[in-house]
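The values are calculated or read from the model by the stated rules, or taken from the named source; none is laboratory data. Remember, predicted model here, so these are calculated numbers, not experimental data. Cβ atoms come from the backbone with ideal geometry, glycine included; neighbour counts cover every protein chain shown.
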Amino acid sequence: MKRILIFSTSYSPLWGGAEIALKEITDRLKSEDFCFDMVTMRHDKALPKFEKFGKINVYRISSSKLLFPFSGYFKALSLHRKNKYDIAWSMMAGRNGFAALFFKSTYSKVKFLLTLQEGDRLSYPKERAGMLWFLVGGSFKRIFTKADSIQVISKYLETWARDMGYKGEMEVVPNGADIEKFQTTKHRTQIEELKKELGIEDGEKVIITTGRLVEKNAVEDIVRALTFLPDNYKLLIAGTGELFYELRKLTDELQLTKRVLFVGHIEHGELPKYLHISDVFVRPSLSEGLGISFIEAMAAGVPVIATEVGGITDFLKDPSNPSGQAPTGLFCGVHDPRGISEKTELLMGDNTLRENIIKNAQAMVKDTYDWNLITKDMKEKVFDKLNIRKNILIATGIFPPDIGGPATYSKLLLDKLPKHNLNVEVLSFGEVRRLPKIIRHIAYFFKVLDRGRRADIIYAQDPVSV
């Protein structure tokens with residue numbers, strides 16, 4: 001049995017794409033094969049400090065977000081003394097990643113798995129740190145470079161991991177949807193009752209958007225799009241967030257109060273019935289790692305309009321795409337309310353296009369984004385491979401831009417070995433060459449001693465300098 005410790009700043013009852021992924025994947029893995037513990041924040045004192053939620057033992061700690069890298073790390077140390085984990089799994093970089101990095105630095109033989117689910121623009125960590133980035137930027141990149149394996153949910157995030165310096169093997173395993181839950185049509189009576197409850201009349205068209213009310217989701221653009229649409233179109237906003245009052249104020253200013261329905265937080269299990277009363281799903285994101293809400297809408301048979309940003313391009317193919325792939329949705333421009341309205345009317349006016357998009361999207365979700373398939377990939381491509389992956393430290397006298405045989409050979413090993421399920425790190429004598437003689441050899445020895453703690457194999461390229 002593999003014991004896995006998860007680092008996540010949030011979990012039940014605060015659900016986002018990352019938290020849903022954790023539950024869906026862990027629930028489907030066999031208990032005799034895996035045991036999951038989690039360190040997370042206790043956002044509300046009413047929440048228990050410990051509970052068994054699904055197949056995860058959830059340990060909540062009272063901590064501010066700022067201090068979670070440290071409080072999460074110390075809690076992990078305490079748990080590891082009792083449970084001896086095989087894998088430390090950080091759900092996203094940032095604070096979770098720092099806690100996992102500190103843990104990895106202490107227990108170098110425990111494998112460090114980093115999952116990237118970030119939906120904000122990739123410059124966000126640097127922007128948030130501001131002037132402190134020159135102090136924490138290097139440490140943030142170490143979250144990537146010290147990971148034994150990285151799993152990403154989109155090709156967009158794969159590029160980011162490479163930009164952050166990760167050179168090892170990487171797996172693209174996306175988020176998904178519970179096909180059965182979202183495709184099962186609710187009884188007609190339930191649909192009519194919900195419509196009546198929300199004040200939706202016969203003949204009215206419903207645009208739905210789900211997710212956090214934050215800048216990146218650009219809900220304001222959907223509200224403004226209503227001004228270009230006939231009066232029988234209503235917008236259903238399912239979600240909460242920091243922009244709630246601003247959006248309320250905007251609907252008043254645009255005299256759309258009766259056409260915009262704020263339904264607040266919807267429990268994930270209740271979401272399908274809200275999708276089933278809707279005609280179009282819209283989220284004109286400014287950035288997106290993948291977007292589980294889009295996948296769920298597609299599974300429910302609701303055509304999707306989205307922006308051509310981030311990981312959305314992995315699954316949404318517009319009819320105009322040059323590859324000729326079957327269309328699975330429509331693209332609109334960023335900050336383009338009129339464009340949103342035009343694409344909405346296109347979907348509602350062209351029934352052949354609408355039905356074609358719905359059919360293609362549902363087939364794609366079934367073939368690629370079913371949680372059962374995703375869980376199988378996580379087990380076989382990530383957890384199983386991670387447990388057998390070896391760490392190699394290459395100790396070399398020279399390394400590019402230095403010129404010479406050992407430099408060229410070491411660079412070749414660094415490029416090729418990760419493709420064969422091996423983690424490779426290079427330690428060049430050039431890092432200490434400027435120090436005085438004897439001292440530089442002592443300094444290099446301690447560097448090898450430090451980094452060698454994490455290595456299964458140390459490969460020396462030179463019998464003298466290294």
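Of note:
- Leu250 vs. criteria buried (at least 20 other Cβ atoms within 10 Å of the Cβ) and either assigned to a helix (DSSP H, G or I) or of a type in the set (Val, Ile, Thr) (or both): no
- Given (1) of a type outside the set (Lys, Arg); (2) surrounded by fewer than 21 Cβ atoms within 10 Å (Cβ to Cβ); (3) within 16 Å of Val136 (Cβ to Cβ), number of the condition His80 does not satisfy: (3)
- Output for the range 272-303, where each listed residue is over 19 Å from the mean Cα position of the chain (by Cα) and assigned to a loop (DSSP other than H, G, I, E, B): Ile277, Ser278, Asp279, Ala300, Gly301, Val302, Pro303
- Any chance Thr185 is polar (S, T, N, Q), in contact with a helix residue (DSSP H, G or I) (Cβ under 7 Å, 6 or more places away or on another chain), modelled with pLDDT under 95 and not in a helix (DSSP H, G or I): yes
- Tally of residues being touching a strand residue (DSSP E or B) at 6+ places or on another chain (Cβ under 9 Å), among the aliphatic types (A, V, I, L, M) and assigned to a loop (DSSP other than H, G, I, E, B) across the range 304-323: 1
- When the helices (runs of 4 or more DSSP H) confined to the range 37-130 are screened for residues that are under 27 Å from Asp27 (Cα atoms) and not basic (Lys, Arg), those reaching at least 2 such residues are found at 68-83, 94-106.
- Every pair of residues 6+ apart whose Cβ atoms lie under 7 Å, when the first sits in the range 405-419 and is over 12 Å from Leu393 (Cα atoms) while the second is of a type in the set (Phe, Trp, Tyr): Ala407/Phe399; Lys411/Phe399
- Meets criteria (in a loop (DSSP other than H, G, I, E, B) and aliphatic (A, V, I, L, M)) for Leu235: no
- Per-region count, the range 394-436, residues at pLDDT 90 or above and within 26 Å of Tyr85 (Cβ to Cβ): 0
- The single condition from (1) more than 24 Å from Gly211 (Cα to Cα); (2) in a loop (DSSP other than H, G, I, E, B); (3) touching a Gly at 6+ places or on another chain (Cβ under 7 Å) that Glu32 fails is (3).
- Residue in the range 343-362 that is outside any helix (DSSP H, G or I), at negative phi and in contact with a Pro (Cβ under 8 Å, 6 or more places away or on another chain) present: no
- Any hit, the range 372-386, residues being at pLDDT below 90 and farther than 30 Å from Phe331 by Cα: yes
- Filtering the range 372-406 to residues that are within 24 Å of Asp450 (Cα to Cα), in contact with a strand residue (DSSP E or B) (Cβ under 7 Å, 6 or more places away or on another chain) and among the hydrophobic types (A, V, I, L, M, F, W, C) leaves Leu386, Ile392, Leu393, Ile394, Ala395, Ile398, Phe399.
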